[in-house]
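Have a look at the structure below before the remarks.
The values are calculated or read from the model by the stated rules, or taken from the named source; none is laboratory data. What you see is a predicted model, and the numbers here were worked out from it, not measured in a lab. Using ideal geometry, Cβ is built from the backbone for each residue, glycine included, and neighbour counts are taken over all protein chains shown.
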Amino acid sequence: MKMTPQEFLDWQSKSITLLAMSGAGKTTLANKLPKAKWFHYSGDYRIGTKYLEEPILDNIKRHAMSVPFLRELLLSDSIYMNSKITVDNLAAVSSFLGKLGDPVLGGLSLQEFKRRQKLHHQAEIAAMNDVPEFIHKAEDIYGYKHFINDAGGSVCELDSPEVLETLAKHTLIIYIKIPPALEQTIIERAKTDPKPLYYREAFLDEKLSEFIQLKNYASAQAIPPDEFVSWVFPKLFKSRLHRYEAIAAQYGYTVDANDVANVKGEEDFIRLVADALGAQQ
């Protein structure tokens, strides 16, 4: 969706998609907007509570079945298990994605890892395709005036023009660009605290082969999971930046993460977006 600053300011029911790497401040920004006026749609939350709900529970139960005490209770239907996913706590989604590598260290086989990656890919596409329906429901059922789509950090990896066209048709796409200083902060944080990630399969195959050869591991199953994630994250980060910039150039607009951090509320946010539209007309 393209528009002039004045058209944006006059837009009575604003619908915006925030795109950025994790750590750029998307969720923090969304939480600064008045909760009575803005419906906060989290792509990751939708993935975890709708499209990966059953696989996530299956993963939890699989681990529980390895504990004799819990196994007996599960088999006798004596306990009920569920995940607790919130917009601010997506640990169950991350634990399902898991990390590739040595099973003794909690890693997944390449086959299982790719299976889960594929499920996440399908779930993220579905969650983004749900955005138009939720824009309608947010206003029609709940009475929200505006809508903010807090998209996951891996949206740029989907290789789905249809998803981008759907988002661009129904929302104003705003890309939060990370300045170099913050890039290093995010990269260093990821190295010291490696988290499960989604990778495009072609990227994973290329970097996994490179890593195994570089480190002289016999196979993917011999890899220490955290070591691979720490090594590959800077490369993933750089590859995603180019993809986000291409999306913003074709479908939306770009704002600086430093300016986003200075937003205190709705008025600041509206002005930031309007200024970006004016600068990039």
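Tabulated data
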quantity	calculated
The range 255-268, subset of a type in the set (A, V, I, L, M, F, W, C) and out of contact with any strand residue (DSSP E or B) (no Cβ under 9 Å at 6 or more places or on another chain), residue surrounded by the most Cβ atoms within 10 Å (Cβ to Cβ)	263
Residue 190 vs. criteria within 18 Å of the chain's Cα centre (by Cα), over 15 Å from residue 23 (Cβ atoms), assigned to a helix (DSSP H, G or I) and among the small types (Gly, Ala, Ser)	no
Of all residues in the range 65-105 being in contact (Cβ under 8 Å) with a residue 40 or more places away in the chain and polar (S, T, N, Q), the one that is surrounded by the fewest Cβ atoms within 10 Å (Cβ to Cβ)	86
Among the residues listed as 135, 148, 141, the single one being modelled with pLDDT of 95 or more, out of contact with any helix residue (DSSP H, G or I) (no Cβ under 7 Å at 6 or more places or on another chain) and of a type in the set (A, V, I, L, M, F, W, C)	141
Qualifying residue in the range 60-82 (condition: in a helix (DSSP H, G or I), at pLDDT below 95 and either of a type in the set (Asp, Glu) or in contact with a strand residue (DSSP E or B) (Cβ under 8 Å, 6 or more places away or on another chain) (or both))	no
Some residue of the range 44-64 being crowded, with 19+ Cβ neighbours inside 10 Å and among the small types (Gly, Ala, Ser)	yes
Top-ranked residue in the range 73-128 [being more than 30 Å from residue 218 (Cβ to Cβ) and among the charged types (D, E, K, R); ranked as nearest to the chain's Cα centre (by Cα)]	124
